[in-house]
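Comments concern the structure below.
The values are calculated or read from the model by the stated rules, or taken from the named source; none is laboratory data. Quick caveat, the model's predicted, so the values are computed rather than measured. Ideal geometry is used to build each Cβ from the backbone, glycine not excepted, and the neighbour counts take in all protein chains shown. Only protein heavy atoms, including side chains, enter the accessible area calculation; ligands, DNA and RNA are left aside. Shrake-Rupley method; radii C 1.70, N 1.55, O 1.52, S 1.80 Å.
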Amino acid sequence: MPAPRLSFSLQHPLPIGQGLPAADRRRAALAVMLGVCMASLDTAIANTALPAMARDLGVSEADSIWVISAYQLAMVGALLPLASLGEIIGYRRVMVAGMALFTIASLACGLSPSLPWLVAARVAQGLGGAGLMAVNIAMLRYIYSDRMLGAGVGLNSLVVGFSFAAGPTVASLILTVASWHWLFLINVPVGLVALRLCLLSLPGNSGSGHRFDGVAALFAAGFLTLLVFALNEGAHVAPPRMIAISAVAALVCLLVLLRRQAGHPAPLLAVDLLKRPMFALSAATSVCTFATQSLAFVSLPFLLQNAMGYTQVQTGFLITPWPVLVAALGPVAGRLSDRYSAGMLAGVGLAVLAAGMVLLAILPANPGVFDICWRMALCGAGFGFFQSPNVRALMTSAPPARSGGASGMVGTVRLLGQSTGAALVAACFHASTAQGALLALWLGAAFAALASVASFMRLRLG
């Protein structure tokens, strides 16, 4: 069988924005999307099985939560260092290494005989997932031409949205026929196929020539990990002393990082890109919008179950229209962003999201299924029209040489927004146990409205 046509381009880096021929583009996009799907799916797929894991491993349910936290903390800590490494040694190498580590770690998770083993394997899996998520958008800039980048970003949004939406369903299906170990073992054959596709199809890119600053990488990882840990501890009502220590340690890491990388042409924490108004507004828009989504997703189960009497299973189905609409409209918005302003598309979408949050907050006391679902769908439609254009704006407002830093920031601002939203839900419930969920929805509406204003401000930048 003849070697794939891309074998030459793997040896000779491809110029950014040129894109691949149609057949090669499909294979390379499939490789990236398989990685994105697995990394996104594994952020949610284990939640459903936590009680079964706790029983099987002989630990408390509280201890079993480390199965989730270990993955999330490892991923958020490694995103920026691996994005920076991708700029230096090439995004293809980071993605291939991330795919290999993720697959091996999934096997280790599936074979885990104890909780410490499983948590350690989940840390390794989170590092592999970070390798996939840190450079996936940067990789798309080499797979798709500039005029088709929105379509590629839209496809990425579809896969991420579908993976998050399908996580609980996939977990339930697997658990009906097999043990929790297969939630991780299922990744092994898929990962091997994706790894082969990565090796055969992904184009290379020239490195930046900068040296990798390992010390700065440690402080960047420490800053984000401690910040997210502090926010999560606040959301779980940890002792104030623990929250304060984590927050102060995060601040110290940030200050040391900024001092060490002052004047660096490609800093790990992309302060150079944040000096660009389009990039800064797009990042701020993203933080506010993902905070809105987190405020809704964390608070709505309390509202639907405790105040309205729906069961846990019914609640899952009632929330489903939101992620389904995000997944469905992501590609549409992505293609439109190749022709129309991201500020306009995302601004309109966020205004719709704000309206949907208000409508959820003023639900009648005994709403029907249709009353809830069409409001969820409205929120999902608004969010769907924000995500792809905003990611495209983040990437195209960064110089080609800083695609890795921009790609890492896409994941970082998403995780910061989600963590902030979860912490604010806890604050709302502390303010009012009875009205906490409604307060969170109103706060989410305010965040969405603020994000819409920030998005429309981008129209003045051209």
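A few notes on this one:
- Stretch gain in nm, segment Met242-Arg147, where the contour uses 0.36 nm per residue and the Cα spacing is subtracted: 29.3 nm
- Cα shape, the range 65-221, gyration tensor, a/c 1.5 rule: oblate
- Normalised contact order of the chain, rounded percent, pairs of Cα under 8 Å and 6 or more residues apart: 23 percent
- Neighbourhood net charge (11 Å Cβ-Cβ; Lys/Arg +1, Asp/Glu -1) for Cys198: +4
- Legend: calculated FRET efficiency, Met457 to Leu251, from the Cβ-Cβ distance at R0 = 41 Å, rounded to 0.05, equals 0.90.
- When you restrict to C-alpha pairs under 8 Å that are six or more residues apart and normalise by the size of the range 77-235, the relative contact order lands at 41 percent.
- Extension gain (nm, one decimal) between Phe212 and Leu30, 0.36 nm per residue minus Cα-Cα: 62.6 nm
- Prolate is the label for the range 58-144, because the ratio a/c of its alpha-carbon gyration tensor axes (a ≥ b ≥ c) is 1.5 or higher and a/b is greater than b/c.
- Positive-end residue, the range 250-409 charge dipole about Cα centroid, Cβ charges, pick of Gly309, Leu360, Gly408: Gly408
- Calculated FRET efficiency for the pair Gln435/Gln305, C-beta based, R₀ 22 Å, to 0.05: 0.90
- Applying the Karplus relation 6.51 cos²θ - 1.76 cosθ + 1.60 with θ = phi - 60° to the range 253-262 yields 3J(HN,Hα) values of 4, 5, 5, 5, 4, 5, 5, 5, 9, 4 Hz, where x marks Gly and Pro.
- Helical runs assigned H by DSSP (4 residues or longer) give the chain a calculated mean residue ellipticity at 222 nm of -26000 deg cm²/dmol, each run adding -39500 (n - 2.57) before division by the residue total.
- Residues in the chain average 41 Å² of solvent-accessible surface per residue, probe 1.4 Å, ligands and nucleic acids excluded.
- Each part gets one Cα centre, and for the range 380-431 versus the range 53-79 those centres are 24 Å apart.
- Label-to-label distance, nm, for residues given as Val271 and Ile89 (7 Å Cα→Cβ offset): 2.7 nm
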